[in-house]
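To start, the structure under review is shown below, and the notes come after it.
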Amino acid sequence: MLKKNDIYKTEIIDYTTEGSGVCKIDGMAVFVPSAAVGDIAEIKILKTTKNYAFGKIETLLSPSPDRISPDCNIFHKCGGCTFRHITYQSELAFKQKRVYDALTRIGGIDGSLIGEIIDADNSSFYRNKAQLPVTLDSDGNVKVGFFAQRTHRVITLDDCQLQSRAFPPVINIFLEWANSNHISTYDEKTHTGILRHLYLRYAEKTDELMVCIVANANELRKEKQLVQMLCDGLPNLKSVVLNTNTDKTNVITGKKCRTLYGDGYITDILCNMKFRISPLSFYQVNRSQAEKLYKKAAEFADLKSNETLLDMYCGTGTIGLTMADKVKTLIGVEIIPQAVEDAKNNASLNGISNTEFICADAAKAAETLRKRNIHPDCIVLDPPRKGCESSLIDTISEMSPKRVVYVSCDPATLSRDVKLFSEKGYFVQKAVPVDLFPRTTHVETVALLSKLVSHCSTEVEFDLENIPPTKTETKATYEQIKSYVKANTGLDVSTLYISQFKHKHGITERENYNTGSWKSSVPTVPPEKEAAIEDALRHFQMI
Ligand code: SAH
């Protein structure tokens, strides 16, 4: 039995999806942050549970051949990067495996359909967007930077290897203005003070810079002076915007924007087209990798001139508009009004007129389009991390497109949705991971689904647990939850435990399994499994 503070000599053999090293001690999985596969080390146990433990490297006896020395002196404190201590090649292998494991275990697809990850030419300074909290340091001076991992302590941006180099000069000017005018900073506990976030965006190809100040106010004292100082110090400044956020919330931006300088947006060039981006609209944070992603999506979409393309979760219209010249009609759907405005403007900016953009929730818009008797030949889906609503997948299958191109930033929710699509007769034909976020664990995947052939390698054995869920049961199936828990924690959880957890937390169960209260003979869920199930259900947005 492992004990806290005990030290064991062992080898790191794998990574978790969060990028922690994994080793096995006395048959138990131990998770070790900042370790590298191949490290031989003395591991000190920090915390144990019944089935797994957490540890840290006490002494690194023989470093993994994948190790490199981190090129950032705040690497371990900051938490923005996970992989500055291993080679880029081994990071790519981790990402390839992450997508492979999710798609084969949760999605049930044949692993041979997954192509090699598309790598990044450049793994530094690629982020074109920073949302930096504004606080006070211990001397009462205004400070701007990232929150250290799992804390509210701010780390400054000076040495950041991910953010655009266009940003540090803005921060210096902003701090000079805020400190010399004693502008107050927002305190989330008391909900008082003005400055909340400094939100920066940089259009890499056009060298246009946007500065957006997120404030707990409709106006700033010395607003004109700030604009003047920014204009004087930043030759590439294109827009200054004040965003008002007076809500008690973790959400960074509020709904209201007021332009203090310029047009209120910047314009970048992506796939040789111009895209206007305003503060509340989504734009891919890694421009050059986004081009590679879109190219692969276009290849999978394989569009014909008489076809209709539906671009779901379209943001400022980027994916659809880069394919619009290939099709008869493009319809884009997006929920954020400013992004839809941008998308419409982007169509005319690029001389594209065969488009319709709809501002609505994707699932609702799909239902409306289906009722309008619109049958897209190809549907591109690019949802946020939580993936698609299952009702959207139902409606899409009723629309019966020839091809669905699914662009995903979370392999687990992609895999869940792929499984749902397979139940509707749509199967993955091919999938490729794309590295949009070097030095982090995040990985994008683009997958082509169609009705052509089922490549499912395994038929999962179903017994009690695999009675089809009732309508009230949501999203992930028991198999998917089990696979997720296994992949993340190494634990095996039974259907009974998942059911019990759902019951305890008021998630509706199938009727025949939920008529009475739990019998005393039913074992209760051990706490570590309960935590693992809870994590999985959160992941699948079921709680
Ligand atoms: N395809 C775009 C945007 C992808 S990000 C691009 O590559 O730039 C996902 C987008 O989905 C965001 O713009 C977000 O605002 C939008 N979104 C989030 N939830 C949505 C919903 N329920 N319905 C429609 N759009 C949604």
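Bear in mind these aren't lab numbers, they're just calculated from the coordinates by the rules spelled out. On a predicted model such as this, the values are computed, not experimentally measured, just so you know. Cβ atoms come from the backbone with ideal geometry, glycine included; neighbour counts cover every protein chain shown.
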So how far apart, in nm, are the two label points at Asn5 and Thr368 if each is 7 Å from Cα heading toward Cβ?
6.4 nm
Could you list the trypsin sites (Lys or Arg not before Pro) in segment 244-274 that lie in coil according to DSSP, counting only those with at most 10 other Cβ atoms within 10 Å of their Cβ?
Lys248
Test item: Cα-centred dipole of the chain, Lys/Arg +1 and Asp/Glu -1 on Cβ, debye:
740 debye
Within segment 401-415, backbone nitrogen closer than 17 Å to the virtual label 7 Å beyond the Cα of Asn51 toward Cβ
none
Signed unit charges on C-beta, dipole axis of segment 1-66, positive-most listed residue Leu60, Val32, Ile7
Ile7
Between the modelled labels at Asp121 and Leu496 (7 Å from Cα along Cα→Cβ) the distance in nm is 5.8 nm
For the cross-link pairs Lys97/Lys205; Lys292/Lys364; Lys205/Lys292; Lys47/Lys97, which exceed 23 Å when the distance is taken from alpha carbon to alpha carbon?
Lys97/Lys205; Lys292/Lys364; Lys47/Lys97
How much length is gained on full extension from Asp14 to Lys424, taking 0.36 nm per residue of separation minus their Cα-Cα distance?
144.1 nm
Tell me, in nm to one decimal, what length is gained between Leu452 and Met229 on full extension, where the rule is 0.36 nm per residue of separation less the Cα-Cα distance?
74.3 nm
Averaging the inverse of every distinct alpha carbon separation and then flipping it gives the Kirkwood radius. What is it for the chain, in angstrom units?
25.4 Å
Can you show me the helix-derived [θ] at 222 nm for the chain, built from DSSP H runs with n ≥ 4 at -39,500 (n - 2.57) apiece and divided by the number of residues, rounded to the nearest 500.
-8000 deg cm²/dmol
Farthest positive-ward along the chain dipole, Cα basis, beta-carbon charges - from Gln89, Asn250, Gln480:
Asn250
Give the residue list of trypsin sites (Lys or Arg not before Pro) in segment 3-47 that are DSSP loop and have at most 14 other beta-carbon atoms within 10 angstrom.
Lys3, Lys4
Full extension from Ile68 to Asp535: what is 0.36 nm times the residue separation minus their Cα-Cα distance, to one decimal in nm?
164.9 nm
Under a plain spin-label model, where a point goes 7 Å from the Cα along Cα-to-Cβ, how far apart in nm are Asn141 and His375?
6.8 nm
Spatially proximal lysines relative to Lys502 (Cα-Cα < 24 Å; intrachain offsets below 8 disregarded)
Lys50, Lys386, Lys419, Lys471, Lys475, Lys482, Lys486, Lys519, Lys529
Rounded to 5, the percent of DSSP beta bridges in segment 129-270 classed as antiparallel
75 percent
Over segment 1-66, what number does the Rg to Rh ratio reach, with both radii from the alpha-carbon atoms and Rh per Kirkwood?
0.92
